[in-house]
Every structure is written in structure tokens, then in C-alpha cells.
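The values are calculated or read from the model by the stated rules, or taken from the named source; none is laboratory data. Note that this is a predicted model, so its numbers are computed, not measured. Because the Cβ atoms are built from the backbone with ideal geometry, glycine has one as well, and the counts that use them run over all protein chains shown.
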Amino acid sequence: MSHLITLQADVAKITEDAWQFVALPPSQQEVRKQAGKVVLFKLTGEQTVTPEQIAGTLIPANGKVMVPLTVFIARKTELQARLDQHEVGVWLDTHESLTDLNQAQEDLNALPIIAVHVERFADGRIFSLGTLLRSRYGFKNELRAVGDVLRDQLFFLKRSGFNSFAMRTDRSATEAIASLNDFSQPYQGAVDEARPAFRRYNR
Amino acid sequence: MYKYDEIDQSLVDERVAQYRDQTKRYLVGQLSDDEFRPLRLQNGLYIQRHAPMLRIAVPYGMLSSKQLHKLADIASKYDKAYGHFSTRQNMQLNWPLLEDVPDILAELAKVEMHAIQTSGNCIRNITTDQFAGVAPDEVVDPRAMAEVMRQWSTFHPEFALLPRKFKIAVSGTKQDRAIVQAHDIGMEFYLDAQQQLAIKVWVGGGLGRTPILGTVIREHLEWQHALTYCEAIVRVYNLHGRRDNAYKARIKILVKALGIDEFKRQVEEEWVHLKDAPNTITEAELARVAQHFEPMPYEVLAHHDASYDAAIASNPAFAAWAKRSLHAHKMPGYRAVTLSLKTHGQAPGDASSEQMHAVADLAAQYSFGELRVSHEQNLILADVKLSDTFALWEKARAQGLASPNIGLLTDIICCPGGDFCSLANAKSIPIAQAIQMQFDNLDYLHDIGELELNISGCMNACGHHHIGHIGILGIDKDGSEWYQVTLGGSQGNQASLGTVIGPSFSAEEMPHVVEKLISVYLSERNGEERFIDTVRRLGIAPFKAHVYADKNAAKAEGIA
Ligand code: HEM
Ligand code: SF4
């Protein structure tokens, strides 16, 4: 059974996934730990992608594919025809940069889907990335959370602009739907409702 | 104080339901330990040495009598009939059962309380000056803004899982009493040249294992932008703060690594996009919240009260207490009163259920039914008539709440330490108790005068030892408990971090060490000079020399 929850006009449903998630091949290099240097803060402790990995990424020849940001940037020409057919989406890790994405793809809305991959559910960068994609970059299409996506973060993900959630498969996605509505009247404005309570209600 | 409307109430009610469900899923194994941890922490639940510990939020330290009665009842029903008031103005229960926590939260929700974001990697309880609204030196009552910020930070979706905890303090006085410089964000409200409410913003302060005082990131911010500006700061931190090493994850490390100029540039760049967004505070919202903090219906009183003057003249015990425990009030004939939770020989900051009920009654009778928790871990009745102080003292004394030691050496700030905390290197409460017993002579204590002594059981610095005039830190040496002493730390406008005086001491040595530090002060002080001023004037050398004199002598004789 599918573990994908999608929000359509605010109604959450379990849906079949039309997208093929394209993963990078494992790196041969050692994981870089502890970058220490300021410029590398974002990358601290995260793997950086090697040219071999990018070249070696297998992209299925048919159907809708969601490719890693680094692969998208390096192999865009190869994907261009499928991109024009709305069959290419991009996923990025929480340490990757939206500026890089935007430089490679000026019109983000040409992408039918962007996914943010969260390796550990406690990594809250995903919320800022979602917020920025919606509010700064004006991304209007499907925004998906993938990876270690758990029920108790759903409400925050929704508020940060995500409208699809690839739930971890060892948990019930059906039960998780309830958590999208844990709170009915949040205080602050966010992506899903820009007005804070004090602008929505006559308190 | 702030009263909930339906929106506030629905949030805490829904939180109870959510947490009840999370606890249930944890207990049946649908949530792993790792997955449940951030959820329970964001509800103030630690798993500690003996039992879980539950931290209950007391927003900016304000409580009503009704709430305190409820806390007392909860402590009786679910714990060992006492609670611990913390340096972040919250209350902690040391012995609740994990299974009972949802019920405790439901009880709290009935009196407009909760444990939301009292722990975990999120924006924590916003703290402020315990004399907010009544202090004569106050420029702006910070509580309305603190409440606006509390609401904004509650379940802020973007900042639900930060690299590390995030603490905000606000103050509205010339003399900072909220230690804004020791917080991730500190905000000082003031009136600018146009008499408009403005904010000076500090960033990157914090104690813990890398103590750093904050740096000013903006001298002047219009109040309307408080939330969006914080969003810019926290966003830069959320995206770029380190997540690979919990000890390097606080914003202070990021600010230091980038340098304040670069950090500020990134924040300002972010803020360009956020400024004037809907989260910008409206006049109407500030006014709505501020009406909850309007001045109390004070009586018009004279500056002096004959019965008070007579009691002072005839009763030295009352006079000694009044000298330490009554604080200036902006209204003539009123005082703010500190009730001491530092009775000698008791764990600093602990209050029994009986004491809590008693204080709640005193607040109802003498102080418009409200009270505050101070970061020095005492309780404050902010609006007491001078003519009532004697009666109040008698009742407080009967409850062991009238130690005349406020602001003195035995008004020790102390973390739970090794008796309760699983992170501890050493016990802290017994050290506090031993020092209190050593200085049990009141005249002597008053002669020593103002002195802040802080104790933490490990470098996490929950007892703020870095900013104690005398700071004591528990350390672990080959599995046994030792104590390192710092001198010259302080809070307030001239905040400073203490300097380590030398090798550490055993628990038994500690009262004696403090005694020696004091004796140097007493022989060296000029006139009315406070301990901290003497330390600043002389440096640590003479203190060090005296404290280690015996040790060195002992060593020379080959005894040690
Ligand atoms: C008994 C359970 C407790 C545990 C496990 C605990 C744990 C910690 C830890 C790990 C830190 C360091 C965080 C960091 O620097 O990143 C910390 C800081 C702090 N804790 Fe606690 N704590 C406990 C109780 C308390 C209590 C009872 C108080 C109040 C009396 C308190 C007040 C503080 C304060 C003020 C800090 C901040 C120091 C700073 O500004 O960095 N804690 N705590
Ligand atoms: S300072 Fe250390 S010992 Fe004390 S409460 Fe904090 S973590 Fe525990």
C-alpha cells in the first residue's frame, strides 16, 4: 500500500506515487566529517556528492523522474526534453542550497515537483527550505517531504508549505493523516496561512 | 496578567490531546525512544536519574494565585508534594510518572498553563525582569511584548526543530535584570529620540560549556518588527547552525564563527524579505495584549506608613528582613516583596505544596492575586502596601519563606545537580546547603552585603555559575566530585564572566573556601564597596593567594 499522503484543496488522501525517486549511487569516498570552516557550515558532517556519483546515477528512461539536485544541475541538457514534458522533478537534501537550484532552473514552476529529503526527522532545516521555496521563490507545484518523514512533524511540514508527504514505510500513513490537523488555530502566520491569529480574528 | 481567549485555550487543549496520543503511541511501541525524545522534551519531560522531570512553563515568570494553587495540587497528587522553581522562571517536578504527564497537562490547561517548549531544540520560555511593571527604573513594561512573542514562538512551524535550544529574554529597564546578554536573543526595549518604543537587539549570548556574552546586532528596531526580525535571525540559524555536534550547535557558535558583521549581513538580507510581512505586529494587537498588563487598581497612599516605621523601629528581625526583601515600587506606599526560597539548609528554589498554597493565599490577600518567579529562584509579590508588609512577614515567616537573605551570600542560585540530574558531574544542592549553614549568622551575612553565589553541577551551567560573583562548578576528576571556583562574574549591564581561581576543591573544603574569599573581601574593601567591586578593583590575585595559602603550605610540608 502507498505511504504517500497528498493534500488536495486541503483534503488529505493516500495516493499512488506517480514519481520515480532517483537516488545517487553510494559514494566510494569517505564521508567528510567536521568541516569546521565557516564556508562549509552547511556541509558539516554531510556527504558531498562526487562527479563519479553524478555520472553514475541511473535515470530511468521512461516516466516521471525525481532526480537529485546535483544530477539535475550537471545533467540538465540531457533531461531538457523530458523537463519540457513535465516529467522531471528535483529533490534536494537539507544542507543543499536553493540558490543553486534557482541558478540551474530560473523558472522553478517548470518543475512539477520539488522534494526535500530529510535524513533524520529532527533536522528542522526542511521547514525553512519549504518556507523559502513557497515564499521567496514562489514555487506553486507539488512540494514533497521525503526520507525520515514521521507523523509528528506533519503539522509543521504542512504549515511550511509542503503538500505531499512520503511517510516512512514502517508506520501507518492512514493514521498519520490525523496529525495534519493537530492544531486548529495556530498563532503565527506561516506559508499555509500567512495571517497570524491577530489578523485573522477580532480577538 | 494575560488571560486566555478561545484561541489560546484551544491551543493548549489540543496540545494535551496531541501529547496524550503521542504518549500512548510511545507506550505501545509505535514511537521509538529516539522518536519520542524530541516530542516529550518539547513538552518539558526529561528522563532523569530517579524519574522523569517535568518542566512547566511560567511565561515570563507570571503566575496567578489560582495557578499556584493548581501547581501545589499537582505537586501533591502526582509528585512528592514539592516543586522546584528554576533560573528560567519555570517550575519543575522531579518525580512525576511518564504515564501521568498527559493528565498533569490536562490539569494545567484548566488554569491556562502548559509545558510547551520548556525543553528541546526550540524557542523556549521567554524570560524577563521579575519586577516588570512595578520597577521605578522601568522605561517600558516588557510583558505585553513578551506575551506577543510567546504566542509567535508557540508551535512556530519553521522553528520546531532547531539545531539546539533557543532562549529569548526581554527587558525594559535601564538596569538589566533579565540577563539579556546571556541569551540567544536579548531584547532591550527603550523609548527612542521620537519617544517611540524601540528595541536594542543582542544575539549570540549563552552560558553552558562555552559561555559567551551576546553582541548587539541592531541598536534600533521599531517594535512592530520584533517578530519578523527574530524570524530572520532564527532562520539564518536554523539553516546554518551546526547540527553535527550538540556542543557546537548554539547560535553563539555560529555568530562567533561567521563574525557578527557577516552574521548581521545575512540576517539583514533575510529580513529585507520578511519585513512588513503579516507577522508584523499591529498597534491593535499590542494594545489588546497590553490591556492585560494595565497597572493594578492601586490606592493613593503616602510615601510613608507610620505602622511600618514603628515595626521597623521596634522589631529588628522584621527590619532585617525588610531591608533585604522589600524593593522599590513605582507607586508611593507600595513595595515589591521577595519571599525567599533559600531557607538555610534547604534546596534553593524548592517549595513544598503547603508553601505554594500559602504563597498563593498571600498573593490573593496582599498583592492582587498575582505573583512572579524570579530567575534567582525566589517568589515575588509585586504590589504590596507598605502597611501590609508586617502582617505579610509574620505569615511568610511561619511558612519558612522569610529568610532575610535576599541578594546576600546565602541567596544561592543552584541547579538540581547530582541529586537529580543525570548529566551532573557533582552534587550541587549539598554544597549550597553547607555554605548556607556556614554563614548562618545573620549579622555577619548582612555585613558581607550583596553577593551572588551560583552553583552548577556540570558545565551545562544551569545554575549560571559563570555570572556569579562567586561561581562554583562541579567537575569530575577520576570519578570523584570536585568543585572549581570562579570569581568576578556578574549579571546586569556590566555583565561579565568569572575567572577560574585555580585547582578545584573537594566538597568538604567548599564552605571554608568561600569563607576565605569573604575574609579577603572584608579586610580589603573600601567603605561600602560590594564584593564584586572589590574583586574588580583588585583582580583575583589576593583571593587566590589566601585560598591556596594553606594548601601550598600543606604541600610544602608534604602532608597533602
Ligand atoms: C535536572 C534536569 C536538567 C537537565 C538534564 C538540564 C540540562 C541542561 C543542558 C544540557 C544544558 C546546556 C545546554 C547548552 O548549553 O546547549 C542546560 C542549560 C541550562 N539549564 Fe538546565 N537542565 C536541567 C535542569 C535545569 C534547572 C532546574 C534549571 C533552573 C534552575 C536549568 C536552567 C538552565 C539554564 C538557565 C541553562 C542555560 C545556560 C545557557 O544559557 O546556556 N536547568 N540544561
Ligand atoms: S548544570 Fe549540569 S548538573 Fe546542573 S542541572 Fe544542568 S545539566 Fe544537570
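Tabulated data for the structure shown
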{"item": "Some residue of the stretch B:123-136 being within 14 Å of another protein chain (Cβ to nearest Cβ) and under 19 Å from B:TYR2 (Cα atoms)", "result": "yes"}
{"item": "Some residue of the stretch B:235-252 being within 12 Å of chain A (Cβ to nearest Cβ), away from ligand 2 (no atom under 16 Å from the Cβ) and surrounded by fewer than 20 Cβ atoms within 10 Å (Cβ to Cβ)", "result": "yes"}
{"item": "The stretch A:172-203: number of residues that are outside any helix (DSSP H, G or I) and either in contact (Cβ under 8 Å) with a residue 24 or more places away in the chain or more than 7 Å from every other protein chain (Cβ to nearest Cβ) (or both)", "result": "9"}
{"item": "Residues located in the stretch B:274-316, provided they are more than 30 Å from B:GLU158 (Cα to Cα) and hydrophobic (A, V, I, L, M, F, W, C)", "result": "B:MET296, B:VAL300, B:LEU301, B:ALA302, B:ALA306, B:ALA310, B:ALA311, B:ILE312, B:ALA313"}
{"item": "Unique residue being in contact with a Cys (Cβ under 7 Å, 6 or more places away or on another chain) and either assigned to a strand (DSSP E or B) or more than 14 Å from chain A (Cβ to nearest Cβ) (or both) when the list is B:THR118, B:THR87", "result": "B:THR87"}
{"item": "B:ILE168 vs. criteria under 18 Å from B:ILE116 (Cβ atoms), more than 14 Å from chain A (Cβ to nearest Cβ), under 19 Å from the mean Cα position of the chain (by Cα) and within 16 Å of ligand 1 (Cβ to nearest atom)", "result": "yes"}
{"item": "Residue in the stretch A:126-142 that is under 25 Å from A:GLN20 (Cβ atoms), within 9 Å of chain B (Cβ to nearest Cβ) and part of a loop (DSSP other than H, G, I, E, B) present", "result": "no"}
{"item": "Every pair of residues 6+ apart whose Cβ atoms lie under 7 Å, when the first sits in the stretch B:441-465 and is under 21 Å from B:ASN90 (Cβ atoms) while the second is modelled with pLDDT of 90 or more and more than 16 Å from ligand 2 (Cβ to nearest atom)", "result": "B:GLU452/B:HIS469"}
{"item": "Failed condition for B:GLU35, given (1) touching a residue at least 40 places away in the same chain (Cβ under 8 Å); (2) crowded, with 20+ Cβ neighbours inside 10 Å", "result": "(1)"}
{"item": "Conditions (1) within 16 Å of ligand 1 (Cβ to nearest atom); (2) out of contact with any Pro (no Cβ under 8 Å at 6 or more places or on another chain); (3) among the hydrophobic types (A, V, I, L, M, F, W, C); (4) modelled with pLDDT under 95: number failed by B:LEU258", "result": "(1)"}
{"item": "Criterion violated by B:LYS80 - all others in (1) within 16 Å of ligand 1 (Cβ to nearest atom); (2) crowded, with 24+ Cβ neighbours inside 10 Å satisfied", "result": "(2)"}
{"item": "Output for the stretch A:97-122, where each listed residue is part of a loop (DSSP other than H, G, I, E, B), out of contact with any strand residue (DSSP E or B) (no Cβ under 9 Å at 6 or more places or on another chain) and of a type outside the set (Ser, Thr, Tyr)", "result": "A:GLU106, A:ASP107, A:ALA122"}
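Results for (1) within 21 Å of the chain's Cα centre (by Cα); (2) at pLDDT 90 or above; (3) away from ligand 2 (no atom under 13 Å from the Cβ); (4) within 14 Å of chain A (Cβ to nearest Cβ), shown as yes or no for each residue.
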| residue | (1), (2), (3), (4) |
| --- | --- |
| B:ASN405 | yes, no, yes, no |
| B:ASP419 | yes, no, no, no |
| B:SER428 | yes, yes, no, no |
| B:ILE431 | yes, yes, no, no |
| B:LEU445 | no, no, yes, no |
| B:CYS458 | yes, yes, no, no |
| B:GLY474 | yes, yes, no, no |
| B:ALA495 | yes, no, yes, no |
| B:SER504 | no, yes, yes, no |
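This table checks each residue for (1) more than 14 Å from every other protein chain (Cβ to nearest Cβ); (2) touching a helix residue (DSSP H, G or I) at 6+ places or on another chain (Cβ under 9 Å); (3) of a type in the set (Ser, Thr, Tyr).
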position	(1), (2), (3)
B:GLY29	no, no, no
B:ASP33	no, yes, no
B:MET53	yes, no, no
B:GLN92	yes, no, no
